[in-house]
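One structure below.
The values are calculated or read from the model by the stated rules, or taken from the named source; none is laboratory data. Because the structure is a prediction, the values reported are computed rather than measured. Here the Cβ is made from the backbone with ideal geometry for all residues, glycine too, and neighbour counts use every protein chain on show.
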Amino acid sequence: MSLPTLTGVGRLTGDPELRFTQAQKAVASIPLAFNSRRLNQQTQQWEDGDVFYVRGTVWERLAENATETLAKGMEVIVTGELRTERWEKDGVKHERPALLIRSIAPNLAFAIATVSKDAASQQNTQGGQRQTTQQRPQSQTQRRTGPAPHDDPWAVDNANGGPTEPTEPPF
């Protein structure tokens, strides 16, 4: 039997925390809250209902990208598998819900995002194998300078203030 999948809109209750395993794999912890806020038709006021708090975990490149992109208070759209974390501390057993995040992105209803490929996805070797790199993904606030890539028909040439050729879709 597979674990239950959650897809929903939540809010970060803290900044993502990036760390690395002993094997140098990136892992980030993302604290999330999902609530059932609704408009009371009688008072015309928003009321908060139940809140579900969960710690999300992302791995490898997604962890690095999420840490560079997301911040406390942002509303996100997230998908992942729900599971139970269990541990023992001082002889007392604890457990809490956890979310293994497969995808996460800012909700564009409340944010403007600039999308760019990260450094690791741009450096592919023959046979489709990814090369490992020590570079960090390009920051959300940084803009590309110089000419846009020739193989990207949707690129914007910021140096010249407009789109690169062709201006028509490639289909």
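What to note about this one:
- Note on segment 15-39: residues that are loosely packed, with under 14 Cβ neighbours inside 10 Å and closer than 26 Å to Leu108 by Cα amount to 6.
- For segment 40-58, the set of residues classified as surrounded by 10 or more Cβ atoms within 10 Å (Cβ to Cβ) and free of Cβ contacts under 8 Å to residues at least 12 places away in the same chain consists of Glu47 only.
- Matching residues, segment 12-38, being within 12 Å of the chain's Cα centre (by Cα), in a loop (DSSP other than H, G, I, E, B) and closer than 16 Å to Trp59 by Cβ: Pro16
- Which numbered condition His150 misses (of (1) at pLDDT below 55; (2) surrounded by 11 or more Cβ atoms within 10 Å (Cβ to Cβ); (3) out of contact with any strand residue (DSSP E or B) (no Cβ under 8 Å at 6 or more places or on another chain)): (2)
- Filtered residues of segment 59-94 (kept if among the acidic types (Asp, Glu) and surrounded by 10 or more Cβ atoms within 10 Å (Cβ to Cβ)): Glu60, Glu64, Glu68, Glu75, Glu81, Glu85
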